[in-house]
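Colleague: My structure is below; once you've seen it, I'll send some questions.
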There are 2 protein chains.
Amino acid sequence: MVVASVPSLPFDDRGLAYGDGLFETVLVRDGNAVLWEQHLSRLMLGCEVLDIPAPSRDQLDATLSRLGDGLQVLKLIYTRGSGGRGYAPPAKASPRLYWQATPFSPQQARWKQGVRIRLCHMSLARQPRLAGIKHMARLENVLARSEWHDPDIAEGLVTDGHGRVVEATAMNLFWLSSSQPMPCTPSLEHCGVLGTLRQVMLDAGELMIDELGVDELAGCQALWVGNSVQGLWPVVRLDDTEGRILGEWPITATHRHLQRLAHDHLGYPAI
Amino acid sequence: MVVASVPSLPFDDRGLAYGDGLFETVLVRDGNAVLWEQHLSRLMLGCEVLDIPAPSRDQLDATLSRLGDGLQVLKLIYTRGSGGRGYAPPAKASPRLYWQATPFSPQQARWKQGVRIRLCHMSLARQPRLAGIKHMARLENVLARSEWHDPDIAEGLVTDGHGRVVEATAMNLFWLSSSQPMPCTPSLEHCGVLGTLRQVMLDAGELMIDELGVDELAGCQALWVGNSVQGLWPVVRLDDTEGRILGEWPITATHRHLQRLAHDHLGYPAI
């Protein structure tokens, strides 16, 4: 059953007009939001960056109170609220919080067998002022995700147009290379979204920040994509933008190790 | 009186979720849309770029049929419609058209006395895949327009982060310099919106495409900002990002000449 807040919003909401708002996609287990503190921190960071008055903790916690048992995905949308014609934000904004929860099951086959991903043509523009936050102006992600329809391809890798990998269209990227002693993920200071799974793993010292060139991708010892809803997927095959194989990897203990650390944070099983 | 289509939209509309849609802001005089063909062309270009099924001409023309006499601004919003969670567009999209018309009066004092503008800190990221179209993912414009509250500052100039001027936050930019025989405007191939007033003037041979460095701005013979709703405003003072004067210009016959050409296209008076 889908549980939701008031399901419609007015024409003049700036979230609709300009993408002027933030969202969070949260895994909820038996009414408990997983990585809730990390989601709230990112939402608060977004409010600061966009200068939108922050929602109260009570208001956010209240979205969880009506959710029942089992696994669900809670999508929160927090917009600047109504505004007149024109880009200038209203002097006194009245933000709106919308939410919707839907039942969810993770794709366990992808945990076990790993996934095939591809490199996208679409690259993310470097815009440090908007990097990291989960704002609603996400056409770059939409265009990147539009590049393939093959259901066997689980994700697309996007670069920053300067030869650096950034993330997958809806997941963060992790790799192990010979140049660093532990799995790495990009800094996302120019573009990309600071995923909550990535964050909790960085905070736990399970990952470090590094850079990776597109040309170094195929030489990695291991590659993963993941987020706080789906968990961590080992990458077993990477294609280039034309569908040619760039790299293939058997799943090893290295993959399972990082997967176990990630799934511990999410309450998902080790594989 | 505000006249509008159904005033609310569902939670899962991708226009809200991701800025996955287009808009047009159209001057309507006595029920006739000014530069209607140019607005429709840009909307169709946007549909092509985003791969959204285009609306029919009849559907668009019908938005004008309920508008009464006098000047109004018609805002059209055209989204990809509903979609599931995730960036992938639905295989068969059912786009939604929303619109709202509000009475309008141009700011005639700005036509006559010109305006003061400022350079924005916020710069536009170069994203050629989204350049030109009037999509709804416009947080860069929102942040640029948030930089000042002084009502005496009419607009803000944004650059592309590579030292080139692009546009004003909600208007195009025009200048006359000693290096070209006629007024110029940037190409907008990397970022910015292809304004309809700019387009009709280019098509009429009243403007040419050129580049302008931020450091050359103050040396221009004349500077204007304008769009199809407000008309053309001569710039009499340009401030830098800290509010220091970069350039001042008396209004000359050169300003009035381009203004007359622009206003002819819009049915506005010469000044």
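Colleague: For residues that are of a type in the set (Gly, Ala, Ser) and in contact (Cβ under 8 Å) with a residue 60 or more places away in the chain, scanning just segment A:210-245, find the one that is nearest to residue A:72 (Cα to Cα). Please lay out each step first, then the result.
Modeller: Taking segment A:210-245 first, the residues of a type in the set (Gly, Ala, Ser) are A:213, A:218-219, A:222, A:226, A:228, A:231, A:243.
Retained after the next criterion (residues that are in contact (Cβ under 8 Å) with a residue 60 or more places away in the chain): A:228, A:231, A:243.
On the way: A:228: 12, A:231: 14, A:243: 34 Å.
Here the answer is A:228.
Colleague: I've got another one for you. Hey, does segment A:29-47 have a residue that's in contact with a Leu (Cβ under 9 Å, 6 or more places away or on another chain), on the phi > 0 side of the Ramachandran plot and surrounded by 16 or more Cβ atoms within 10 Å (Cβ to Cβ)?
Modeller: Yes, segment A:29-47 contains at least one residue that is in contact with a Leu (Cβ under 9 Å, 6 or more places away or on another chain), on the phi > 0 side of the Ramachandran plot and surrounded by 16 or more Cβ atoms within 10 Å (Cβ to Cβ).
Colleague: Quick test for you: out of A:222, A:253, A:218, pick the one residue that is exposed (fewer than 15 other Cβ atoms within 10 Å of the Cβ), at pLDDT 95 or above and within 26 Å of residue A:107 (Cβ to Cβ).
Modeller: A:253
Colleague: Please go through (1) in contact (Cβ under 8 Å) with a residue 60 or more places away in the chain; (2) more than 14 Å from chain B (Cβ to nearest Cβ) for residue A:64 and return the number of the only condition it doesn't satisfy.
Modeller: (1)
Colleague: A further question follows. Does segment B:1-43 hold any residues that are modelled with pLDDT of 95 or more, closer than 18 Å to residue A:14 by Cα and of a type in the set (Val, Ile, Thr), and which are they?
Modeller: Matches in segment B:1-43: B:25 only.
Colleague: Scan B:70, B:81 and give me the residue that is surrounded by fewer than 18 Cβ atoms within 10 Å (Cβ to Cβ) and at positive phi. Show your work before the answer.
Modeller: Numbers: B:81 fails: surrounded by fewer than 18 Cβ atoms within 10 Å (Cβ to Cβ).
Criteria check complete, one pass: B:70.
Colleague: Working only within segment A:94-106, note down all residues that are part of a loop (DSSP other than H, G, I, E, B) and either more than 11 Å from chain B (Cβ to nearest Cβ) or farther than 25 Å from residue B:12 by Cβ (or both).
Modeller: Correct list: A:94, A:95, A:105, A:106.
Colleague: Could you list all residues from segment B:152-170 that are within 11 Å of chain A (Cβ to nearest Cβ) and within 14 Å of residue A:86 (Cα to Cα)?
Modeller: Scanning segment B:152-170 gives B:155, B:156, B:168, B:169, B:170.
Colleague: Restrict the check to segment B:202-209 and report whether at least one residue is surrounded by fewer than 16 Cβ atoms within 10 Å (Cβ to Cβ), closer than 30 Å to residue B:36 by Cα, touching a Lys or Arg at 6+ places or on another chain (Cβ under 6 Å) and touching a residue at least 24 places away in the same chain (Cβ under 8 Å).
Modeller: no
Colleague: For residues in segment B:185-201 being polar (S, T, N, Q) and over 12 Å from residue B:168 (Cβ atoms), which is surrounded by the fewest Cβ atoms within 10 Å (Cβ to Cβ)? Spell out how you get there, then give the answer.
Modeller: Going through segment B:185-201, the residues polar (S, T, N, Q) turn out to be B:185, B:187, B:196, B:199.
Then keep just the ones that are over 12 Å from residue B:168 (Cβ atoms); that gives B:187, B:196, B:199.
On the way: B:187: 15, B:196: 28, B:199: 21.
Checked segment B:185-201; the qualifying residue surrounded by the fewest Cβ atoms within 10 Å (Cβ to Cβ) is B:187.
The values are calculated or read from the model by the stated rules, or taken from the named source; none is laboratory data. Everything numeric here is computed off the predicted structure, so don't read it as measured data. Cβ sites come from the backbone with ideal geometry, for glycine too, and all protein chains shown count toward neighbours.
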